[in-house]
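Below is one structure, written out as structure tokens; the observations come after it.
The values are calculated or read from the model by the stated rules, or taken from the named source; none is laboratory data. A quick note: this is a predicted structure, and the numbers were derived from the prediction, not measured. Here the Cβ is made from the backbone with ideal geometry for all residues, glycine too, and neighbour counts use every protein chain on show.
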Amino acid sequence: MAQKPSSTVEDYLMEIYDLTYAGRPVIAARLTEKMGVTAPTAWNTVHRMQRDGLVKIDGAKEITLSPAGQQAAESIKRRHLLTERLLVDILGLDWADAHEEAHLIEHTITPRVEARIMAVLGNPTTCPHGNPFPGVDPATRPKTRPLAQARPGEEYPIDGINEPAEEDHELMTFYQRNGFVPGAHVKVLEVAAYNSTITVDVGGRQVTLGMHAAENLRVVVEPARAAAP
């Protein structure tokens, strides 16, 4: 599209992008839930996006991004992650609050301002929560798995927080308060299947997490390979 999408359409584009990235089929019911709107409202917006060439809808009513939609979604996603970086690294905002605040600012970032923020921040490749910017080569990323799959005695560095979990401010506050941030090391002390908890040592403190929290923490099982010279 030659014209910049509206803020509402950019929100839909980012939700579709995130769901697709997470490997979840995108259907109107999921968008209705995620966007907090009625089903007719969600469908009306999706059909407008289809008209404008941003999405495709197949016979099973699954929604996918068109090439133009993918480009627009990556643009708003990059601005969102970059804004999180600006808020945390430069303005000193709490790590747990960055996602929510960035959502209020991202739509106003122009390409000129985006380029300047990138330069000031040293061209970051991830947001403060460890999620990669669109376009980052997967080969440069470490191999990860959920902390919930770890066994007692294993020790790993934290790679990041799964993107959907950033919507849960209470969970993000728990992560920050207990030191579950990218780069921190965790050692698994106990996995209690009977009550769905995992106990770890993080930064010299013993912390018990529910499996939902552990599922949304990615740990590094194999470091990224060095780029070829």
Within the stretch 188-205, restricting to residues that are more than 24 Å from the chain's Cα centre (by Cα) and part of a strand (DSSP E or B), the one that is surrounded by the fewest Cβ atoms within 10 Å (Cβ to Cβ) is Arg205
In the stretch 174-200, how many residues are more than 18 Å from Asp159 (Cβ to Cβ) and either in contact with a strand residue (DSSP E or B) (Cβ under 6 Å, 6 or more places away or on another chain) or among the polar types (S, T, N, Q) (or both)? 7
Gly153 fails exactly one of (1) in a strand (DSSP E or B); (2) farther than 23 Å from His99 by Cα; (3) modelled with pLDDT of 95 or more, namely (1)
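Just to verify a result, which residue in the stretch 22-33, among those that are surrounded by 15 or more Cβ atoms within 10 Å (Cβ to Cβ) and not basic (Lys, Arg), is nearest to His80 (Cα to Cα)? Let's see the steps before the verdict.
Start the filter on the stretch 22-33 by keeping residues that are surrounded by 15 or more Cβ atoms within 10 Å (Cβ to Cβ), which leaves 26-28, 30-32.
Right, trim to not basic (Lys, Arg) and you get 26-28, 31-32.
Details: Val26: 21, Ile27: 23, Ala28: 23, Leu31: 19, Thr32: 21 Å.
Ranking the candidates gives Leu31 first.
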Search the stretch 132-150 for residues being among the aliphatic types (A, V, I, L, M) and over 16 Å from the mean Cα position of the chain (by Cα), and hand back the single one that is modelled with the lowest pLDDT. Ala139
Members of the stretch 169-187 that are among the charged types (D, E, K, R) and within 17 Å of the chain's Cα centre (by Cα): Glu170
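Looking at the structure I just gave you, is Pro134 touching a residue at least 12 places away in the same chain (Cβ under 8 Å), closer than 21 Å to Leu87 by Cα and touching a Lys or Arg at 6+ places or on another chain (Cβ under 8 Å)?
On the way: touching a residue at least 12 places away in the same chain (Cβ under 8 Å): yes; closer than 21 Å to Leu87 by Cα: yes; touching a Lys or Arg at 6+ places or on another chain (Cβ under 8 Å): yes.
Criteria met by Pro134.
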Complete set of residues in the stretch 44-88 that are β-branched (Val, Ile, Thr) and either free of Cβ contacts under 8 Å to residues at least 24 places away in the same chain or on the phi > 0 side of the Ramachandran plot (or both): Ile57
So in the stretch 159-187, with the set limited to residues that are of a type in the set (Asp, Glu) and assigned to a helix (DSSP H, G or I), which one is surrounded by the most Cβ atoms within 10 Å (Cβ to Cβ)? Glu166
All positions within the stretch 34-48 that are surrounded by fewer than 14 Cβ atoms within 10 Å (Cβ to Cβ) and either more than 25 Å from Glu163 (Cα to Cα) or among the small types (Gly, Ala, Ser) (or both): Gly36, Ala39, Pro40, Asn44, His47
Restricting the search to the stretch 3-21, which residues are crowded, with 16+ Cβ neighbours inside 10 Å and not in a loop (DSSP other than H, G, I, E, B)? Val9, Glu10, Asp11, Tyr12, Leu13, Met14, Glu15, Ile16, Tyr17, Asp18, Leu19, Thr20
